[in-house]
């Protein structure tokens, strides 16, 4: 028996499909989701389908847990670290808006508080040249300031590091990241040249912040799920569905959280066999017509 299992867990229901590619047997299971512990609902779905997790060769999990965490704002207490003079990038965002004549439009609320936006004295140019060096004394000064800010954080802290033009030359960011990991080993860190090595400062900063914001969410989900599978004898390959329809090994999922935000909707495409896919995440409905490669998103802002 070669058993492959696909799972989708969200804020309302958790669904499971198991396929034996030797016999063609298909089993399905459905259970109410348990947002406080999503892994519990997954194993309830295994029971509903009468499938032994230990017998599976591969398991792929798609989830709207990240989407729900963003909508409900249940992520980490993020500290944003950037080049001196650019701490307001997540707050100012961009000057354009969808409808220039909409006088009621409000900018989206960022996933970091302004008092948790810190600056470090360094500068890299758009060409990648080091205009102002990153000195050891400045790294120490930032570390001391971070200790105070992290101590005041009420929830689970995380750091989003996004230095100006780090995608062109990441050396300053690498040095600073290494120092932060050594000084704060228990704090999750997202680094822009890894998360989003591309131009446009707001988009890169916001993606890095979201990655840090969701790290504890995906970390808890994957750890609980992997532990439960091991207890049930699973020794196969475990992967998480990415927003682009690809997969990432579960062990690396928490380090690539920004790539998993639309994991739930991505499961709608079955090589063109399924025409329309829907992902309902409590406060958001996404619809995708895979044949037309067209996506619509409707948000309800809480």
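Please indicate, with yes or no, whether at least one residue in the stretch 93-103 is within 23 Å of the chain's Cα centre (by Cα), assigned by TED's automatic domain parsing to the domain that holds residue 164, farther than 21 Å from residue 235 by Cα and surrounded by fewer than 19 Cβ atoms within 10 Å (Cβ to Cβ).
yes
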Report, by residue number, each residue of the stretch 116-138 that is within 17 Å of residue 87 (Cβ to Cβ) and assigned to a helix (DSSP H, G or I). 116, 138
Restricting the search to the stretch 142-155, which residues are under 12 Å from residue 81 (Cβ atoms) and over 25 Å from the mean Cα position of the chain (by Cα)? 142, 143, 145
Only one of (1) closer than 18 Å to residue 214 by Cα; (2) surrounded by fewer than 20 Cβ atoms within 10 Å (Cβ to Cβ) does not apply to residue 116, and that is (2)
Give the residue, chosen from 76, 49, 27, 39, that is surrounded by fewer than 22 Cβ atoms within 10 Å (Cβ to Cβ) and closer than 17 Å to residue 219 by Cβ. 39
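The values are calculated or read from the model by the stated rules, or taken from the named source; none is laboratory data. Treat the numbers as computed from the prediction; the structure is a model and nothing was measured. Backbone-built Cβ (ideal geometry, glycine too); neighbour counts: all protein chains shown.
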